[in-house]
1. Within the bounds of segment B:66-82, is there any residue that is of a type in the set (F, W, Y) and over 22 Å from A:H100 (Cβ atoms)?
2. What's the number of the condition A:G98 fails, among (1) buried (at least 17 other Cβ atoms within 10 Å of the Cβ); (2) facing chain B (nearest Cβ under 10 Å); (3) assigned to a loop (DSSP other than H, G, I, E, B)?
3. Among the residues of segment B:88-96, is there at least one that is more than 30 Å from A:H10 (Cα to Cα), outside any loop (DSSP other than H, G, I, E, B) and out of contact with any Cys (no Cβ under 6 Å at 6 or more places or on another chain)?
4. Within segment B:50-59, which residues are surrounded by 12 or more Cβ atoms within 10 Å (Cβ to Cβ) and at pLDDT below 95?
5. If a residue must be away from every other protein chain (no Cβ under 14 Å), more than 21 Å from B:G41 (Cα to Cα) and of a type in the set (G, A, S), how many such residues does segment A:59-95 contain?
6. Counting only residues that are more than 8 Å from chain B (Cβ to nearest Cβ), within 17 Å of A:Q6 (Cα to Cα) and buried (at least 17 other Cβ atoms within 10 Å of the Cβ), how many does segment A:101-113 have?
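The values are calculated or read from the model by the stated rules, or taken from the named source; none is laboratory data. This one's a predicted model, so the numbers in the text were calculated from it and none came from an experiment. Positions of Cβ are backbone-derived with ideal geometry, glycine not excepted, and every protein chain shown enters the neighbour counts.
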Amino acid sequence: DAGVIQSPRHEVTEMGQEVTLRCKPISGHNSLFWYRQTMMRGLELLIYFNNNVPIDDSGMPEDRFSAKMPNASFSTLKIQPSEPRDSAVYFCASSSTGLHEQYFGPGTRLTVT
Amino acid sequence: GNSVTQMEGPVTLSEEAFLTINCTYTATGYPSLFWYVQYPGEGLQLLLKATKADDKGSNKGFEATYRKETTSFHLEKGSVQVSDSAVYFCALSDPFNKFYFGSGTKLNVKP
């Protein structure tokens, strides 16, 4: 079975550019989570969706960050404009109602220069 | 509120040593508890879980028991291998599947 799929795996961009990260959850899962991992702050939940609806976006750092889930099999996390402090590994995870655990994708390593 | 506290690392052990990584939690209600493992350059993988008090989760020689009276979920392994070197995260989930992760504990196992 395919797990959570993220693309790209690595992204290097210049400050001020728009960055779009993509996630395909496990088929049949109805919850999707975006996390950011840095050495300084560890693993942070940015936003999560249930049945394609954003439930909690309190972790989104600022208005430069936005996330969408247009259907059950696809989500994007967009940063516009990007800044060097956004450099991190971004993980997507999925789960489903009644399933206690989350399944993580391999992550996207973002470097903003 | 919900939170997880785990011991700071790094933890350095020799191969075949006994491992304990402490984890305590604060939660409203009755959370599920998890241990995840992250190998370099990879995402987090579920190692084991326990969904109610006194449950023991186990996998690949690792064990953890859900202790409600001490609000703990300590990870143990009787004999570690070099291949166990990774970062270990303790976590709890609320009824809405929102996870709260600890800060992670890096384990280094020397041959």
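1. The answer is no, given that none of the residues of segment B:66-82 is of a type in the set (F, W, Y) and over 22 Å from A:H100 (Cβ atoms).
2. (1)
3. The answer is no; no qualifying residue exists.
4. B:T51, B:A53
5. 6
6. 2
Condition check ((1) under 25 Å from A:M39 (Cβ atoms); (2) more than 11 Å from chain A (Cβ to nearest Cβ); (3) at pLDDT 95 or above) across all residues:
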residue: B:E42; (1), (2), (3): yes, no, no
residue: B:G78; (1), (2), (3): no, yes, yes
residue: B:Q81; (1), (2), (3): no, yes, yes
residue: B:S85; (1), (2), (3): yes, yes, yes
residue: B:K110; (1), (2), (3): yes, yes, yes
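Listed here are the residues, each with its yes/no results for (1) more than 15 Å from the chain's Cα centre (by Cα); (2) assigned to a strand (DSSP E or B).
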| residue | (1), (2) |
| --- | --- |
| A:V12 | yes, yes |
| A:L21 | no, yes |
| A:W34 | no, yes |
| A:P81 | yes, no |
| A:R109 | no, yes |
